[in-house]
């Protein structure tokens, strides 16, 4: 964990930003796969990690903003539990390392909350992504489960988003430590993937890379020759001559900071002419987007700039036509790029998404556009120094969507459907890097992962 001062300063600022009432944090419990004693690998709630740094289940914490108190609630192992789990550091000692003096047993939490409610004090809590914690909030506050989301504290949510959005140097070091692992997860498959192999063989090697250094995946690996399926969970495909593979993967640092990198490479060592043409369009759009990043610029404008470069490239191939600006304004480009350009990243790969994209990626004045394509933009607001985000343009040829739009005569002034037909078996290409917003512009985090056609083909030929 970080030094105790880091957590103490975070909680102090949060206390000042919220101003009054009690701030309630619920840590995660174990989630059973098929029975209680067979759980999924434990992952702590990210906001609990950020403010309290404690990485084990069955914890809660309260900040009393008016009495200036901080309490962690949890139980030490019983003698019987120690038989199965071995000796563990006492909770009080763990809390000393994060600058918290007071600990209470977990069953005392209800009494503290009930006492505050009787005094009509405000109980602030964040959105809960796990059903178990929704039920805990229900029981503690005496409200209907359906009303829990309506009672979420907006002031607390905005305060947490404001803090977690700006990364410190120590947090950047964590992300770059995870990127060292991700580099290997990206480059090994380029070298080992050959015609006749199954996708799962490369995925198994990638998982080995992360687990052998004590890491874990930041999200389930997307590794597929079906690149047009943007978040394809399957790894059962057989890689064939002429295929391209999208490898969208990431690892976690020791303190659970995430990475998210995508590369697209040819199974047969060399891209075809058609693949090179599309790849160069995507790469150019990504490079121009990264060049544009700086504090004070709305990320939605950078997204639209990337769209301009994508459409310009598709026009040059005679797949689109007409005025570029009008095509984008109409949403015609979303046939090929129905996603957003990027998202925030940190302790979550889609950082703080459980707190609500409208808080993380938008503001009261920068609202979500509900046009198809733009509605999938997770980040639109003005960038600030210290933000870490992804930049991941792509071009996808989705047969079902192409057929549907063609039948509906959608955007016929901008899309050359006759020429697009020849790309229905193309798949898709995505290129993604993790970016730090700096005062002077942007820095691509981590050591360079092969990205140009020449670099990718060189690695694929090893």
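The values are calculated or read from the model by the stated rules, or taken from the named source; none is laboratory data. Note that the structure is a prediction, hence the values are computed from the model and not measured. Counting neighbours? That spans all protein chains shown, and the Cβs are built from the backbone with ideal geometry, glycine included.
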**Item:** Candidate set: region 350-365, residues that are within 12 Å of the chain's Cα centre (by Cα) and assigned to a helix (DSSP H, G or I); chosen: the one nearest to residue 386 (Cα to Cα)
**Value:** 360
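Please enumerate the residues belonging to region 204-215 that are over 28 Å from residue 275 (Cβ atoms) and surrounded by fewer than 19 Cβ atoms within 10 Å (Cβ to Cβ).
Within region 204-215, the first condition is being over 28 Å from residue 275 (Cβ atoms), and the residues that meet it are 208, 210-215.
Residues satisfying the conditions are 208, 211, 212, 213, 214.
On the basis of being on the phi < 0 side of the Ramachandran plot, touching a helix residue (DSSP H, G or I) at 6+ places or on another chain (Cβ under 7 Å), in contact (Cβ under 8 Å) with a residue 12 or more places away in the chain and not in a strand (DSSP E or B), does residue 25 make the cut? Steps first, answer last, please.
On the way: on the phi < 0 side of the Ramachandran plot: yes; touching a helix residue (DSSP H, G or I) at 6+ places or on another chain (Cβ under 7 Å): yes; in contact (Cβ under 8 Å) with a residue 12 or more places away in the chain: yes; not in a strand (DSSP E or B): no.
No: the conditions fail for residue 25.
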**Item:** Criterion violated by residue 36 - all others in (1) buried (at least 17 other Cβ atoms within 10 Å of the Cβ); (2) over 24 Å from the mean Cα position of the chain (by Cα) satisfied
**Value:** (1)
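How many residues does region 128-140 hold that are closer than 20 Å to residue 116 by Cα and part of a loop (DSSP other than H, G, I, E, B)?
Residues that pass the stated criteria total 0.
Listed residues 290, 229, 281; which is surrounded by fewer than 22 Cβ atoms within 10 Å (Cβ to Cβ) and closer than 19 Å to residue 449 by Cα? Give the steps one after another, and end with the answer.
Details: 229 fails: closer than 19 Å to residue 449 by Cα; 281 fails: surrounded by fewer than 22 Cβ atoms within 10 Å (Cβ to Cβ).
The unique qualifying residue is 290.
Looking at residue 247, is it surrounded by 14 or more Cβ atoms within 10 Å (Cβ to Cβ), modelled with pLDDT under 95 and closer than 25 Å to residue 270 by Cα? Even if it seems obvious, please write down each step before you answer.
On the way: surrounded by 14 or more Cβ atoms within 10 Å (Cβ to Cβ): yes; modelled with pLDDT under 95: no; closer than 25 Å to residue 270 by Cα: yes.
Against the criterion (surrounded by 14 or more Cβ atoms within 10 Å (Cβ to Cβ), modelled with pLDDT under 95 and closer than 25 Å to residue 270 by Cα), residue 247 does not qualify.
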**Request:** Mind listing whichever residues of region 323-349 are part of a loop (DSSP other than H, G, I, E, B) and in contact with a strand residue (DSSP E or B) (Cβ under 9 Å, 6 or more places away or on another chain)?
**Result:** 336, 337, 338, 339, 341, 342, 343, 345, 346, 347, 348, 349
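Would you tally the residues in region 293-303 being in contact with a helix residue (DSSP H, G or I) (Cβ under 9 Å, 6 or more places away or on another chain) and crowded, with 16+ Cβ neighbours inside 10 Å?
As a first pass, look at region 293-303 and keep what is in contact with a helix residue (DSSP H, G or I) (Cβ under 9 Å, 6 or more places away or on another chain): 293, 300-303.
This time we only want the ones that are crowded, with 16+ Cβ neighbours inside 10 Å, so: 293, 300, 302-303.
Of the residues in region 293-303, 4 are in contact with a helix residue (DSSP H, G or I) (Cβ under 9 Å, 6 or more places away or on another chain) and crowded, with 16+ Cβ neighbours inside 10 Å.
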**Request:** Would you be able to say whether some residue in region 63-81 is free of Cβ contacts under 8 Å to residues at least 12 places away in the same chain and touching a strand residue (DSSP E or B) at 6+ places or on another chain (Cβ under 7 Å)?
**Result:** no
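Working carefully through the options 181, 207, 221, 175, find the one that is touching a residue at least 12 places away in the same chain (Cβ under 8 Å) and closer than 26 Å to residue 381 by Cβ.
On the way: 181 fails: closer than 26 Å to residue 381 by Cβ; 207 fails: closer than 26 Å to residue 381 by Cβ; 221 fails: closer than 26 Å to residue 381 by Cβ.
Exactly one of 181, 207, 221, 175 is touching a residue at least 12 places away in the same chain (Cβ under 8 Å) and closer than 26 Å to residue 381 by Cβ, namely 175.
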**Prompt:** more than 30 Å from residue 425 (Cβ to Cβ) and part of a loop (DSSP other than H, G, I, E, B): does that describe residue 143?
**Reply:** yes
**Prompt:** Exactly one of (1) assigned by TED's automatic domain parsing to the domain that holds residue 348; (2) within 16 Å of residue 25 (Cβ to Cβ) is unmet by residue 136. Its number?
**Reply:** (1)
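Suppose we keep only residues that are in a helix (DSSP H, G or I) and surrounded by fewer than 14 Cβ atoms within 10 Å (Cβ to Cβ) within region 73-95. Which one would you say is modelled with the highest pLDDT? Outline the logic, then answer.
Step one: of region 73-95, the residues in a helix (DSSP H, G or I) are 79-85, 91-95.
Going one step further and asking which of them are surrounded by fewer than 14 Cβ atoms within 10 Å (Cβ to Cβ), we end up with 79-85, 93.
Values: 79: 84, 80: 85, 81: 84, 82: 86, 83: 83, 84: 85, 85: 86, 93: 96.
Out of the qualifying residues, it is 93.
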**Message:** Suppose we filter 274, 288 for residues that are over 19 Å from the mean Cα position of the chain (by Cα) and more than 28 Å from residue 218 (Cβ to Cβ); which single one remains?
**Reply:** 274
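Can residue 382 be described as surrounded by fewer than 20 Cβ atoms within 10 Å (Cβ to Cβ) and closer than 21 Å to residue 308 by Cβ? Step through it out loud before you land on a result.
On the way: surrounded by fewer than 20 Cβ atoms within 10 Å (Cβ to Cβ): yes; closer than 21 Å to residue 308 by Cβ: yes.
Yes, satisfied.
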**Prompt:** Does at least one position in region 3-17 carry a residue that is surrounded by fewer than 20 Cβ atoms within 10 Å (Cβ to Cβ), more than 32 Å from the chain's Cα centre (by Cα), free of Cβ contacts under 8 Å to residues at least 60 places away in the same chain and more than 29 Å from residue 217 (Cα to Cα)?
**Reply:** no
**Complete:** The number of residues in region 188-203 that are surrounded by fewer than 19 Cβ atoms within 10 Å (Cβ to Cβ), in contact (Cβ under 8 Å) with a residue 40 or more places away in the chain and not in a loop (DSSP other than H, G, I, E, B) is 2
